[in-house]
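Chemist: The following block contains the structure, expressed as structure tokens.
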Amino acid sequence: MKTAVIILISFLFACLNAIFPQKNEAILSGFVTDATTGEALVGTNILLYKDSLT
């Protein structure tokens, strides 16, 4: 019985994720400069860490 409940909950969770998927995109805008020189970073790839977003 416990296994059937777990399977049912997992199935419902999977169905909800199929109906309401998580967005895999975000819009980021602003002005980014180099921390050392202050030079504007234009046209470069920027890696953002969660703890560096303030």
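The values are calculated or read from the model by the stated rules, or taken from the named source; none is laboratory data. A quick note: this is a predicted structure, and the numbers were derived from the prediction, not measured. We place every Cβ from the backbone using ideal geometry, glycine too, and count neighbours over all the protein chains shown.
Chemist: May I ask you to list pairs of residues, at least six apart or on different chains, whose Cβ atoms are under 9 Å apart, with the first in the range 29-43 being of a type in the set (V, I, T) and the second being part of a strand (DSSP E or B)?
Modeler: Filtered contacts from the range 29-43: V32/A40; T33/A40.
Chemist: Across the range 15-50, which residue is modelled with the lowest pLDDT among those that are surrounded by 10 or more Cβ atoms within 10 Å (Cβ to Cβ) and in a helix (DSSP H, G or I)?
Modeler: Going through the qualifying residues, I end up with N17.
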